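Everything below concerns the one structure shown next.
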């Protein structure tokens, strides 16, 4: 009886290790992740509007049909970026993801407290090069540090009623994601 319990315990532990390894490795080996699908249709450091999701197809996972979505595929190897997006009448959010889909920062129009969400995106090394004077590090300048050189910025605007979709599309259509000129 003890021998069977030992085999059962060993099998359970081995199964747990295999399951954990699979869960951690498979996402990194996927060839059609969100970044790859966006890279096929979007240029670097530019905002593009995504088509509305349908039951059969959506470019990003978990897209909500109540939101209009735009994406900026960024690359910080040539320098920092400035993201500027006007807020929509209902609700606007901006989320930052690494190349592997790990979310590291998010902000919405309520937290920004302005009619335009404006921030600088840079790596920790690029931020270290900023001067330490008061004007550069003022509280009204939002700086986001990216843990990776490449990734995605996802902008979403709520469409509470079908008639407000053009306003939400217009707000995201005026979003800009461009390299900061030195």
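What's the FRET efficiency of residue 98 with residue 46 using the Cβ-Cβ distance as r and R₀ = 22 Å, to the nearest 0.05?
Taking R0 as 22 Å, the efficiency between residue 98 and residue 46 is 0.70.
In square nanometres and to one decimal, what's the mean projected area of the convex hull around the Cα atoms of region 72-182?
7.2 nm²
Take the chain, connect every pair of alpha-carbon atoms lying under 10 Å apart with a spring to form a Gaussian network, then pick out the residue of 73, 127, 28 with the largest mean-square fluctuation.
28
For a quick check: sort 6, 142 by the number of other beta carbons within 10 angstrom, fewest at the front.
6, 142
Using a Gaussian network model of the chain whose springs link C-alpha atoms within less than 10 Å, name the residue from 119, 83, 129 with the highest mean-square fluctuation.
Most flexible of the set in this elastic network: 129.
Between residue 115 and residue 78, how many nm apart are label points set 7 Å from Cα along the C-beta direction?
Taking the simple label geometry, residue 115 and residue 78 are separated by 3.2 nm.
If I fit a long axis through the Cα atoms of helix 2-29 and take the longest principal axis of the Cα atoms of the chain, what angle between them do I get, 0 to 90°, rounded to 10?
Computed tilt is about 30 degrees.
Can you tell which of 66, 34, 21 shows the greatest fluctuation in a Gaussian network model of the chain with Cα springs below 10 Å?
21
Taking Cα centroids, how far is region 27-51 from region 61-102 in Å?
Taking the Cα centre of each part, region 27-51 and region 61-102 sit 12 Å apart.
Please give the FRET efficiency for residue 174 paired with residue 125, using the beta carbon to beta carbon distance and R0 = 35 Å, rounded to the nearest 0.05.
For R0 = 35 Å, the calculated efficiency reads 0.70.
If each DSSP helix of 4+ residues adds -39,500 (n - 2.57) and the sum is divided by the residues in the chain, what number results at 222 nm, nearest 500 deg cm²/dmol?
Value at 222 nm, helices only: -8500 deg cm²/dmol.
Rule-based calculations on the coordinates, nothing more; no lab input. None of these values were measured; they are calculated from a predicted model. Neighbour counts run over all protein chains shown; Cβ positions are idealised from the backbone, glycine included.
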